[in-house]
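One structure is given here, and the rest of the page talks about it.
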Amino acid sequence: MASTESADDQNSHREGGGGKPMLARHRAREDPEVQNRQQEGKPAYFPLGYKDGFSQWWAGLSPAQTEHRVLSFIPYLQKPPTHTQTGSAPASTNASTMSVDQDMDKQAAPVRTDSISDPYGPRQWHSKLVQLAGKNRFLNEFSVERLGEETENNLVMLHGYGAGLGFFYKNFESLSRQPNWKLYALDLLGMGRSSRPNFRIHAKDKEAKVREAENWFVDALEEWRIKRGIDKMTLLGHSLGGYMAVCYALKYPGHLNKLILASPVGIPEDPYAVNEEMPEPQDSTMQNEFTQSQDETSGATQSGAAKPPRRQMPKWLTTLWDANISPFSIVRLSGPLGPRLVSGWTSRRFSHLPPNEAQALHDYSYSLFRQRGSGEYALAYILAPGAFARSPLIRRIQGVGRQYLGVHSIPEPDATASAPEHKARETGIPIVFLYGDKDWMDKQGGWDSEAKIRTEREKALASATAEEREREDGEAKTRIIRDAGHHVYLDGAEEFNRVMAEEMRDVERRGKKFKEIGKRG
C-alpha cells in the first residue's frame, strides 16, 4: 500500500511550517515587478516571484504528492488512497520520467469511510493504475463507490487538455451521494498520472492524422471499459475530454446511457461562426484560457464596460502550434522559470478558491506540466491554433446515438447506405451541453448541435419501426451554469453538482423505462 503519510509530510512544510506561501497573489505585494505593473494599471502575467519560483522548481514535488494533496480536500476523505506506481518522483532529464513501477508496495489499498465519519457513507475510495495492452499503456483511475449497494449505473469523468483527474476534487463527494452509482475519474492516456508512451502519427494526409490522433485516446478508453466489465456508462467530458467523449460515442456505439459535455472544445465550424450578439471570437479561443482573469470569469467586471477589441492569435504562438511545440514543452525547457510561467495561468484560474486549495492546484498543475511530453502532442493534429477543430464536431455530432451497433474504424457518422444491413442501430442517446455563463468557449456550438441532433431525430423517426419509436431516446439540451467560466465544474461547483445529480437521476428514470419495455418484449 502506498504511504499517504509520506505525501502529507512532504507537503507539510508548505503550510505554516515557517515557509512563505508561494501562491502568486500572496506574493504580489512583495514582488517589485508586480508592484510596478499594478502601479501602471497592467495585470501581472506571471505573478509568482523569481525566488519563489526557483524554490518550487528546486523542491520538485512529484505528481503523486501533488495529486494526493488535492484529493485530500475532498470532504470526509482526509487520507485519500494514492498509488505511487507513476509520478512518484519529480521530473528530470531522464527519458524514463513517469515510468511505471508495478511493485506491490507502490499500489494503494482502498480507503473506506464509515457512516459515522461520513454522513453520506459508507463509501469506498480507490486509486489504481489500470494496465492496457501494448508497451507502456496504463490509465490512472480514481473511483468512488457506495458500500452495501448494488452498482446499477457508472459515471466516467474525463478531464481537459494537459490536466488531471484531481481537477474534479469538488465534484467527487457530491456526485457519489447518488444511490447505486459508481464514479470513475480517468487521466487520459499520456496525461495526468497515466503512463506517457511515445506519441507518433503515421498517417500522411490531414484527415487521417486527425482520426489517428482521436483513436489514440478513445481506443484506450474502450479498452479500459472492457477491462472494468462496464456494459453501459454515463460519460462526462470537459473541454478536450468532451471532444474525445463525442469521438468515443461515434466509434464505439451502444455503451452510453448519456453523454455530458462540459464546455467541450472543437464544436464550431470556424472562429467567426458565432451570433453577433454572442461574445467575440477572442472569448472563444484558447488564448483566453491564459489571459482571462478570474474576475472576468466570476462576473466581477463592470457590466457596462465597452466590448474589448478582437484579439488575434500572436504569430509566434501559431508558429509554435503548427510546429507542435506544446505549452508544456516551454515549461519543461524553462527550468527554474517554469513555476513562474505556470503561475500566469493558475493565478487567474484559481484565485477564487481558498488559498490552500489554490496553492495545491498550482503545485499539481506544475508537477503535471513538467512531465515527459506524450498525449499533449495530439493537440496540434486535432485543433488549429486557438480552440477550433480541424475536423469540427458540428459536422459529426448528429451521428451520436445513431450509429449501427458495432466497432467503427474511425469516429465518423456512418452512412445509412454503407452500414451492414444485418446490424442493429442505436435509437438515440440524451446529450447535455454544459457551459459557464462567463465561458470563453462558444455556447453557440451547443445550440447549433441541438438543432442538428433534433433534425437527425426527426429523420430517424420518419422511417422508424414501432419498436424503434418506443425505444427512441435521442435528445439534446444546453444548460448554463451561473458565475462560471470554462472550468465550469470548478468555478460553479455547487450548481454544477446539482445539475449533474439531476442528469444522473434522469438516467435512472430512462433505465427503468427501457427495462419495462424489455419485459414486454
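The values are calculated or read from the model by the stated rules, or taken from the named source; none is laboratory data. For clarity, every value in this text was computed on a predicted model and none was experimentally measured. Note that each Cβ is placed from the backbone with ideal geometry, even for glycine, and that neighbours are counted across all protein chains shown. All accessible areas refer to the heavy atoms of the entire protein, side chains included, with ligands and DNA or RNA removed. Shrake-Rupley method; radii C 1.70, N 1.55, O 1.52, S 1.80 Å.
Of all the residues in segment 479-492, those that are open to solvent by 30 Å² or more (accessible area, probe 1.4 Å) and either assigned to a helix (DSSP H, G or I) or under 19 Å from THR234 (Cα atoms) (or both) number 1.
Among the residues of segment 443-478 satisfying the criterion of being of a type in the set (Lys, Arg) and loosely packed, with under 14 Cβ neighbours inside 10 Å, which is nearest to the chain's Cα centre (by Cα)?
Within segment 443-478, the subset of a type in the set (Lys, Arg) is 443, 452, 454, 457, 459, 469, 471, 477.
Pick out the ones that are also loosely packed, with under 14 Cβ neighbours inside 10 Å and you get 459, 469.
On the way: LYS459: 33, ARG469: 34 Å.
The extreme case among them is LYS459.
Among the residues of segment 429-442, at least one is open to solvent by 30 Å² or more (accessible area, probe 1.4 Å), farther than 14 Å from LEU259 by Cβ and in contact with a Lys or Arg (Cβ under 8 Å, 6 or more places away or on another chain). Being in a loop (DSSP other than H, G, I, E, B), more than 11 Å from TYR381 (Cα to Cα), open to solvent by 10 Å² or more (accessible area, probe 1.4 Å) and not acidic (Asp, Glu) is a property that does not hold for LYS227.
Taking segment 136-164, which residues are assigned to a strand (DSSP E or B) and over 15 Å from PRO80 (Cα atoms)?
Taking segment 136-164 as the starting set, the residues that turn out to be assigned to a strand (DSSP E or B) are 138-146, 153-158.
Residues satisfying the conditions are PHE138, LEU139, ARG146, ASN153, ASN154, LEU155, VAL156, MET157, LEU158.
Examine segment 190-208 for a residue that is open to solvent by 10 Å² or more (accessible area, probe 1.4 Å), in contact with a strand residue (DSSP E or B) (Cβ under 7 Å, 6 or more places away or on another chain) and among the basic types (Lys, Arg), and state whether such a residue exists. Checking segment 190-208: not a single residue is open to solvent by 10 Å² or more (accessible area, probe 1.4 Å), in contact with a strand residue (DSSP E or B) (Cβ under 7 Å, 6 or more places away or on another chain) and among the basic types (Lys, Arg).
With respect to the conditions (1) among the hydrophobic types (A, V, I, L, M, F, W, C); (2) open to solvent by 60 Å² or more (accessible area, probe 1.4 Å); (3) assigned to a helix (DSSP H, G or I), PHE167 lacks only one, and its number is (2).
Quick one: is GLU495 crowded, with 16+ Cβ neighbours inside 10 Å and charged (D, E, K, R)? It would help to see each step written out before you state the result.
Numbers: crowded, with 16+ Cβ neighbours inside 10 Å: yes; charged (D, E, K, R): yes.
Spelling it out, GLU495 is indeed crowded, with 16+ Cβ neighbours inside 10 Å and charged (D, E, K, R).
Restricting attention to segment 139-161, the residues being within 24 Å of LEU259 (Cα to Cα) and open to solvent by 10 Å² or more (accessible area, probe 1.4 Å) number 8.
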